[in-house]
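Just below is one structure, and these are the notes that go with it.
The values are calculated or read from the model by the stated rules, or taken from the named source; none is laboratory data. It should be emphasised that the depicted structure is a prediction, and the values quoted were computed from it without experimental measurement. Glycine also receives a Cβ, built like all others from the backbone with ideal geometry; neighbour counts cover every protein chain displayed.
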Amino acid sequence: MRTCTFPEARAVVLEAVTGRPGVEHVPLEACAGRVLAEVARADRDYPPADRSIRDGYAVVSASVPGRVRVIGEVRAGDRFPGEVRPGEAVEIMTGAPMPRGADAVVMVEHTIADDGFVSTERSSRPGEFVNFQGSEARAGDVLVEPGVRLDYSHAALLATVGVASVAVYAKPRVAILATGDEIVPVAETPREFQIRNSNVYSLAAQVIRAGGVPQLLPVAPDRLDETRWLIEKGLESDLLLLSGGVSAGKYDLVETVLAGLGAEFLFDRVLIQPGQPLVFGRVPAVDRFFFGLPGNPASTMVTFEIFARAAVERLAGQTYPALPLTSAPLTRDFRHKTGLTRFLPANLGDDGGLTPVPWQGSSDVPAIARANCYLVAHAGRAEWKAGDWMQVLRK
């Protein structure tokens, strides 16, 4: 068994989990959030010809400032058939190809049109307001590498280069198993010693966001045989997430069952709050990884975000899973006890300030829901003053 710091534990996960997903094709409109499985290349130069990036007049730069004769017009989607000579201009629209002979564009705002001529007091230099052929990409250039999670900008890029059917990695199937006799279905009215099964639904939402397909299993009761059967069922998926049953209590059976299945435990405690009793490992017999997440809701949510999410992203084919970390100035003083890295609910305001959200501990779901981020209190520092910058993990 092994205890890790936060950075050590994340490094263990990233090193251990490697994706070997299959490949499928989806229509371009369905590619957002998927992971690209093949290289995307430029099918031609971009732009394919020199073009104007302003509305104005295409000129020979040496002809201005001064008065030049307008010999025609060209708009986007068209081409001017003639040639611009010194002392001449062609009215041009944004995105239109540059006429032969012209080497600059004078913005329309800087001109005065008068009876077939246009005047400007502005000088111009060659290439001004011109986007040259191939300046964005050359034919054959690699534009997106495999392993990148696609967003709206990638969708635009793939459409630009003519990719209508996108090769993406298959989504991993992630089994989610809650444990404990105290857990009842969401629609049931719990007694005072029971809780509703909220963790599987927060985990399902997190799995979907990470690019996986959640598969919810029945609750494992505090009985060894049934827990073992459900864990074996969960190990048929690409990844198993267990919620609860990983502490040192008499009825915490998860590690016992996993050990009986020949599991390798890569760590079983991480120096963080919430979420210290976190288990991560692999069952070699079926070549599957698992996380034993602490059962308190905040612990489940936080440990998924900082550890299990990276595993799901790896299994989805993503090359570089990254934590959405930023920094922000505190709106008030903050203190904590050193020794653990803490991920505590907070809010980033419209002004960029970071305000801790009062909470009652790892079971305080309302506080987590009120927050839009987690402040990250590093293990070696005890206090921050208002105005000090602090690391932030976005939800």
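Here are the numbers for the structure shown:
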{"read-out": "Arg54 vs. criteria part of a loop (DSSP other than H, G, I, E, B) and at pLDDT 95 or above", "value": "yes"}
{"read-out": "Selection from region 197-233 of residues that are part of a helix (DSSP H, G or I) and of a type in the set (A, V, I, L, M, F, W, C)", "value": "Val200, Leu203, Ala204, Ala205, Val207, Ile208, Ala210, Leu224, Trp229, Leu230, Ile231"}
{"read-out": "Verdict on Ser362 being in a strand (DSSP E or B) and either small (Gly, Ala, Ser) or in contact (Cβ under 8 Å) with a residue 12 or more places away in the chain (or both)", "value": "no"}
{"read-out": "Number of positions in region 318-333 that are farther than 30 Å from Val35 by Cα, out of contact with any Leu (no Cβ under 7 Å at 6 or more places or on another chain) and surrounded by 17 or more Cβ atoms within 10 Å (Cβ to Cβ)", "value": "0"}
{"read-out": "Leading residue by the ranking (farthest from Glu236 (Cα to Cα)) among those in region 150-198 that are among the hydroxyl-bearing types (Ser, Thr, Tyr) and out of contact with any helix residue (DSSP H, G or I) (no Cβ under 8 Å at 6 or more places or on another chain)", "value": "Thr160"}
{"read-out": "All positions within region 334-355 that are farther than 12 Å from Leu271 by Cα and surrounded by fewer than 20 Cβ atoms within 10 Å (Cβ to Cβ)", "value": "Arg335, His336, Lys337, Asn347, Leu348, Gly349, Asp350, Asp351, Gly352, Gly353, Thr355"}
{"read-out": "Residues (part of a strand (DSSP E or B) and small (Gly, Ala, Ser)) located in region 57-74", "value": "Ala58, Gly66, Gly72"}
{"read-out": "Subset of region 88-138 [in a strand (DSSP E or B), closer than 15 Å to Asp50 by Cβ and more than 42 Å from the chain's Cα centre (by Cα)]", "value": "Val90, Arg100"}
{"read-out": "Residue match in region 181-195 (condition: hydroxyl-bearing (Ser, Thr, Tyr) and modelled with pLDDT of 95 or more)", "value": "no"}
{"read-out": "Pairs, first under 16 Å from Val302 (Cβ atoms) in region 344-359, second of a type in the set (Phe, Trp, Tyr), C-beta under 9 Å, six or more apart", "value": "Leu344/Phe334; Leu344/Trp359; Leu344/Tyr374; Pro345/Trp359; Pro345/Tyr374; Ala346/Tyr374; Pro356/Phe334"}
{"read-out": "Qualifying residue in region 203-221 (condition: more than 26 Å from Glu305 (Cβ to Cβ), touching a residue at least 24 places away in the same chain (Cβ under 8 Å), outside the structural domain of Leu36 (by TED's automatic domain parsing) and not basic (Lys, Arg))", "value": "yes"}
{"read-out": "Where Gly77 falls short, out of the listed (1) within 14 Å of Met107 (Cα to Cα); (2) in a loop (DSSP other than H, G, I, E, B)", "value": "(1)"}
{"read-out": "One residue from Gly116, Gly95, Gly147, Gly140 being touching a strand residue (DSSP E or B) at 6+ places or on another chain (Cβ under 8 Å), farther than 30 Å from Ala210 by Cα and surrounded by 13 or more Cβ atoms within 10 Å (Cβ to Cβ)", "value": "Gly95"}
{"read-out": "Tally of residues being under 15 Å from Leu253 (Cβ atoms) and not polar (S, T, N, Q) across region 177-216", "value": "6"}
{"read-out": "Residue match in region 383-394 (condition: touching a Phe, Trp or Tyr at 6+ places or on another chain (Cβ under 6 Å) and at positive phi)", "value": "no"}
{"read-out": "Strands (runs of 3 or more DSSP E) (entirely within region 265-349) containing at least 1 residues that are touching a helix residue (DSSP H, G or I) at 6+ places or on another chain (Cβ under 8 Å)", "value": "279-283, 288-293, 341-348"}
{"read-out": "In region 34-61, residue nearest to Pro321 (Cα to Cα) [restricted to those that are crowded, with 21+ Cβ neighbours inside 10 Å and of a type in the set (Gly, Ala, Ser)]", "value": "Ala40"}
{"read-out": "Complete set of residues in region 374-395 that are without any contact (Cβ under 8 Å) to a residue 60 or more places away in the chain, assigned to a strand (DSSP E or B) and either farther than 21 Å from Gln276 by Cβ or in the same structural domain as Asn199 (by TED's automatic domain parsing) (or both)", "value": "Glu383, Trp384"}
{"read-out": "Test result for Gly162, out of contact with any strand residue (DSSP E or B) (no Cβ under 8 Å at 6 or more places or on another chain) and touching a residue at least 40 places away in the same chain (Cβ under 8 Å)", "value": "yes"}
{"read-out": "Test: residue in region 169-183 that is free of Cβ contacts under 8 Å to residues at least 60 places away in the same chain and not in a strand (DSSP E or B)", "value": "yes"}
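To keep it simple, each residue is scored yes or no on (1) closer than 24 Å to Lys395 by Cα; (2) surrounded by 18 or more Cβ atoms within 10 Å (Cβ to Cβ); (3) at pLDDT 90 or above.
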| site | (1), (2), (3) |
| --- | --- |
| Ala156 | no, no, yes |
| Ala175 | yes, yes, yes |
| Ala178 | yes, yes, yes |
| Arg209 | yes, no, yes |
| Leu241 | yes, yes, yes |
